[in-house]
Amino acid sequence: DTGVSQNPRHKITKRGQNVTFRCDPISEHNRLYWYRQTLGQGPEFLTYFQNEAQLEKSRLLSDRFSAERPKGSFSTLEIQRTEQGDSAMYLCASSLGPSPNEQFFGPGTRLTVL
Amino acid sequence: KQEVTQIPAALSVPEGENLVLNCSFTDSAIYNLQWFRQDPGKGLTSLLLIQSSQREQTSGRLNASLDKSSGRSTLYIAASQPGDSATYLCAVDNQAGTALIFGKGTTLSVSS
């Protein structure tokens, strides 16, 4: 048990609907990351927070995606107007930073868009 | 652009065998290299982290080495067990020391 929790664990939605995922990091960790993983691939970076500030966003994070980390604690990832290509495992990780910055991952949220 | 490659993509061995998984990266300007284990449908479990100034790290039956100048890392698993069956992922920090860049993984199957 790494201490990072994610909810829900599974989400099935219809194309065009909005979905929101939540991540609770390890309590003392100030850095929080979102990644996306499709079948047979390694995780791909989406975005990164240090405390409440979103410091880095990948080109993968289209305008339909938004992430927040109010008060520097839990984080939410929202996908608007979902598409079938959004189907993936969404992983959250946290770290204490800055060095050695070992990242610890949660169990993921599996999204299926019908 | 940093790229991480893992060879082989899949590996099957009998129980008790020692084995080596390989990871290579194209840009040697990394901060850390992490090895992870992923069971089917699950999240990632951190196995070992090697900082750029280090050459190797050990945890139990696992030993990871890093040759930053040649852009290579190996994960050595001693006396493999069926419970070691999983996908092993290698990842490096990008130049900003924040996001991890992953390989596609090596799927290991250990038979009893």
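Just so it is clear, none of the values below were taken in a lab; they were calculated from the coordinates. Computed from a predicted model, the values in this text were never measured in an experiment. A quick note on method: Cβ atoms are made from the backbone with ideal geometry, for glycine too, and the neighbour counts reach across all protein chains shown.
Derived scalar couplings between HN and Hα for segment B:6-16 equal 10, 10, x, 6, 8, 8, 10, 9, x, 4, x Hz in order, rounded to whole Hz, by the Karplus curve 6.51 cos²θ - 1.76 cosθ + 1.60 (θ = phi - 60°), x for Gly and Pro.
Each residue of segment B:84-91 is assigned a 3J(HN,Hα), and the resulting list reads 7, 4, 4, 9, 10, 10, 10, 8 Hz, derived from the Karplus form 6.51 cos²θ - 1.76 cosθ + 1.60 (θ = phi - 60°), x at Gly and Pro. Near B:Ser28: Cβ cut-off under 15 Å, other residues only, Lys/Arg at +1 and Asp/Glu at -1. The net charge is 0. Distant-in-sequence amide contacts of A:Ser87, defined by a placed amide H-H separation under 5 Å and a gap of 5 or more residues or a different chain, comprise A:Val113. For segment B:40-112, the set of trypsin sites (Lys or Arg not before Pro) satisfying both a DSSP loop assignment and a count of at most 12 other C-beta atoms within 10 Å is given as B:Arg55.
For chain A, the fraction of C-alpha pairs farther apart than 21 angstrom is 30 percent. In chain A, the sites counted are trypsin sites (Lys or Arg not before Pro) in DSSP loop states with at most 10 other Cβ atoms within 10 Å, and the longest stretch holding none of them, exclusive of the sites, is A:60-114.
From the gyration tensor of the Cα coordinates in segment B:31-112, what semi-axes in whole Å does the equivalent ellipsoid have, largest first, with each one equal to sqrt(5λ)? All intermediate terms of the calculation are to be shown ahead of the outcome.
Working: eigenvalues 102, 46, 19 Å².
They are 23, 15, 10 Å, listed from largest to smallest.
Between A:Leu46 and A:Trp34, A:Tyr35, A:Arg36, the built amide H atoms are under 5 Å apart, and every one of these is 5 or more places off in sequence or on another chain.
For peptide B:44-55, how many partner chain Cβ atoms fall within 10 Å of a residue's Cβ, on average? Write out the running numbers ahead of the final one.
On the way: counts 13, 4, 7, 0, 1, 4, 1, 4, 2, 1, 1, 0.
Counting Cβ atoms of other protein chains within 10 Å of each residue's Cβ and averaging gives 3.
All other residues with a Cβ under 12 Å from the Cβ of A:Leu39 taken together, and with Lys, Arg as +1 and Asp, Glu as -1, what is their net charge? Could you put the intermediate results ahead of the total?
On the way: positive: A:Arg36, A:Arg110, B:Lys104; negative: none.
It works out to a net charge of +3.
For the residue pairs A:Lys71/B:Lys1; A:Lys11/A:Lys57; A:Lys14/B:Lys1; A:Lys71/B:Lys68; B:Lys1/B:Lys42; A:Lys57/B:Lys42, the C-alpha atoms sit more than 31 angstrom apart in A:Lys71/B:Lys1; A:Lys14/B:Lys1; A:Lys71/B:Lys68.
Between B:Val20 and B:Thr58, the simple label model (points 7 Å from Cα in the Cβ direction) yields a spacing of 1.7 nm. Per-residue shielding of A:33-40, expressed as the average number of other chain Cβ atoms within 10 Å of the residue Cβ, stands at 2.
Karplus-derived 3J(HN,Hα) values for segment B:67-80, using 6.51 cos²θ - 1.76 cosθ + 1.60 with θ = phi - 60°, are 10, 5, 5, 9, x, 9, 9, 10, 10, 9, 10, 8, 6, 4 Hz; glycine and proline are entered as x. Peptide A:101-111 has a mean of 5 when you count, residue by residue, the C-beta atoms of other protein chains within 10 Å of its C-beta. Extents of the protein assembly as shown, largest first, come to 49, 37, 32 Å (Cα atoms, principal axes, whole angstrom).
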